[in-house]
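The values are calculated or read from the model by the stated rules, or taken from the named source; none is laboratory data. Just so it is clear, the structure is predicted and the values come from calculations on it, not from any experiment. Cβ: placed from backbone, ideal geometry, glycine included. Neighbour counts: every protein chain shown.
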Amino acid sequence: MSRKLTIPKDVALEPVPEGLLVKFPAEAAEAGERPPLCTVLLPGDPRGGEESRALLNRLAGRPLLLAGLLEEGPEALEALLPEQPPWRRGKPAAAASDAPRCSCGAGGCGHAERAMAYGDAAWAADAGVRLALLGWTPETLAAAALDLWAARQPLPDPAAALRQAAGGPERSPGEAEGGPNLAEWLAEMADQGRLHLPGPQLHDVAAELADLRLRRPGVKPGRETGSDSAPWAALLPGVPGAAKGLALVAGRVMERAAELAGAKRSKPG
C-alpha cells in the first residue's frame, strides 16, 4: 500500500511510549455484522535509541533549527527527521516475534500490514508523529539540546555567570554572612521591579493615539502641543510623565520649525 494512503475516519492512531497504536475495524465475517476492532502496536524508537540520539546530536549543532523548533514546532525539523519509520527499518530477516501483531490473533489476517500502511501514511504526513515516535516532544527535545550545549561548554562558576547576566552584585548577598542565596536575591529584585521587564511588542499595542490631542482654546488644529496622558500611560506602563515629555519634545520641534521657516522667509529672493 502507498504511503500516500488516505487514512479512513474510523482508523485511530495514537503515539504511546512503546510506539504507534493503530486501531481500526476488521472486515465483518457476514453481511450486517459489526466488525471487531483490531489493535496493532507499531514499534517506535525509544528516547535512548540510535535514531533518537542521532536527532539530538544533529539538532545540537543547528541553533537556527532549535529556534525554529521552539517557534514553529516539529515541522521545523523536517530536514533532520528520518524518512523511514521504525517498523520499516528492521532487518529483512528479523525474527517473527519482533514483527507487529494484530489483537485478533488470527494467523495471516493481514491486519498488521494494513496497520503499517496507515502508520506509513501518518509518518509521512505529520512531523509531530515522527518526533513522538522517536521519544521526544518539542519541549523535551529542546531542553535536551540546551543541556547538551551546557555539558559541552561548562561554566567554571555558574552562579557567578548568572549574577553577571542578571546585573547582580559581584558576590551573592549574604554569601559570607549567611543571608539569602542568589535565587532568593533574584526573586526579591523581581518582586521590587528592579529586574528588566520587557515591554509590549509593536503588534501588541492597542492604544489609539490618532485623535487624542488635547484641544486648547485659541490653538489652531494641528498646532496642539498637549496630549492626554491616559493613552500614553497605557502604551508605556511604568514610564511616568510620558505624555508631558512628548508634549515638551513636540513643542520644541514646532518652535524650531517656526524658526527655520522664518529664517527662510527673511532671506532675499
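Odds and ends about this structure:
- Of the helices (runs of 4 or more DSSP H) lying entirely inside region 35-143, those carrying at least 3 residues that are in contact (Cβ under 8 Å) with a residue 60 or more places away in the chain and under 23 Å from residue 5 (Cα atoms) are 111-125, 127-133.
- Selection within region 99-115 - in contact with a helix residue (DSSP H, G or I) (Cβ under 8 Å, 6 or more places away or on another chain) and farther than 20 Å from residue 88 by Cα: 104
- Selection status of residue 135, modelled with pLDDT of 85 or more, under 34 Å from the mean Cα position of the chain (by Cα) and surrounded by 18 or more Cβ atoms within 10 Å (Cβ to Cβ): yes
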